[in-house]
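The values are calculated or read from the model by the stated rules, or taken from the named source; none is laboratory data. Just so it is clear, the structure is predicted and the values come from calculations on it, not from any experiment. Note that we place each Cβ from the backbone using ideal geometry, even for glycine, and neighbour counts take in every protein chain shown.
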Amino acid sequence: MARTTTRRPVLKINLAAGEPRRRPDELAAEEPLEIRVRKRPLAVTMRTPGHDIDLAMGFLLSEGIITSADDVVTAQLCAGTDAPNTYNVVDVVLGEAVPPPVTDPSRNFYTTSSCGVCGKASIDAVRTRSVFDVAGDPLSVPASVLAALPDRLRAAQRTFDRTGGLHAAGLFTADGELVALREDVGRHNAVDKVIGWAAREGRLPLAGHVLLVSGRASFELAQKAWMAGIPMLAAVSAPSTLAASLAEEAGMTLVGFLRGETMNVYTAAERVTV
């Protein structure tokens with residue numbers, strides 16, 4: 001069973017309530033996951049354990065190493081070198097026709113839970129182009145539907161309720177139906193888990209869907225959405241300049257500050273109807 005949380009004692013201080021007291025508290029788990037291709041290390045990411053196969057698949061897809069689940073022969077969670085075994089390794093075997101991933105110093109695949117592209121030499125080194133025509137997607141979503149999505153995402157975050165320490169990514173239909181939700185200490189990991197799930201379910205491209213992320217919309221999240229064929233990326237916080245530029249290039253709708261009844265539509269605003 002995935003170790004999504006762990007309990008540890010804390011000293012609870014409430015200046016309005018009198019004496020401090022000790023009590024158990026639940027923390028969101030964070031552990032390294034090594035992604036290997038044919039037993040050769042490719043990437044290490046800090047993540048919340050759970051849905052690790054989906055995470056590995058989503059990572060390979062969003063990095064342009066694979067284009068669909070058909071490019072993968074096997075993907076299995078296996079024991080690492082830790083004792084006792086923590087099963088923090090996913091080994092992926094690609095099809096013979098799939099070019100092996102290129103690893104070089106300019107494309108260092110070490111990631112952290114807060115920033116998925118840390119260690120990569122430049123924007124050119126991380127930019128990949130999607131095989132899906134996001135710009136031609138006819139998706140149309142009423143603003144009233146978009147406004148209701150953050151509350152639906154929050155209501156489905158079970159681990160966040162216990163820890164308060166996880167990001168979330170949710171995939172919604174144009175009618176506001178929640179299709180898939182994943183939580184992780186890393187926002188980019190949560191997105192990879194959603195994309196990996198979709199790949200394994202044979203749902204790519206994710207045309208006609210909205211991807212909602214807690215927090216901000218970064219360049220990397222916009223790229224991951226583009227690689228999965230998602231025509232609309234929404235965030236409860238601000239987008240970055242690079243995220244807006246990439247969304248504009250891809251023809252993707254980018255929505256930020258989605259809170260209550262307000263939102264900012266930065267690109268491809270014609271998909272949001274009022």
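Here are a few things to note about the model shown:
- For P24: the one exception among (1) touching a residue at least 60 places away in the same chain (Cβ under 8 Å); (2) more than 25 Å from Y87 (Cα to Cα): (1)
- Of the helices (runs of 4 or more DSSP H) contained entirely in the range 66-168, those carrying at least 3 residues that are over 30 Å from V272 (Cα atoms) and either touching a strand residue (DSSP E or B) at 6+ places or on another chain (Cβ under 9 Å) or modelled with pLDDT of 60 or more (or both) fall at 158-163.
- So T173, is it surrounded by fewer than 20 Cβ atoms within 10 Å (Cβ to Cβ), closer than 26 Å to D52 by Cα and modelled with pLDDT of 90 or more: yes
- Exclusive hit being of a type in the set (A, V, I, L, M, F, W, C), in contact (Cβ under 8 Å) with a residue 40 or more places away in the chain, buried (at least 21 other Cβ atoms within 10 Å of the Cβ) and within 17 Å of V131 (Cα to Cα), set A199, A234: A199
- Taken residue by residue, the range 220-227 has at least one member that is assigned by TED's automatic domain parsing to the domain that holds G196, in contact with a His (Cβ under 6 Å, 6 or more places away or on another chain) and in contact (Cβ under 8 Å) with a residue 24 or more places away in the chain.
- Looking across the range 46-65, just one residue is touching a strand residue (DSSP E or B) at 6+ places or on another chain (Cβ under 7 Å), assigned to a loop (DSSP other than H, G, I, E, B) and free of Cβ contacts under 8 Å to residues at least 60 places away in the same chain, and that is P49.
- Cβ-Cβ under 7 Å pairs, at least 6 apart or on other chains, the range 126-153 side without any contact (Cβ under 8 Å) to a residue 60 or more places away in the chain, far side assigned to a helix (DSSP H, G or I): none
- Members of the range 189-218 that are of a type in the set (D, E) and in a loop (DSSP other than H, G, I, E, B): E201
- Failed criterion for T48 (all others in (1) surrounded by fewer than 20 Cβ atoms within 10 Å (Cβ to Cβ); (2) out of contact with any helix residue (DSSP H, G or I) (no Cβ under 6 Å at 6 or more places or on another chain) hold): (1)
- Any hit, the range 10-27, residues being more than 30 Å from A97 (Cβ to Cβ), in a strand (DSSP E or B) and touching a helix residue (DSSP H, G or I) at 6+ places or on another chain (Cβ under 7 Å): yes
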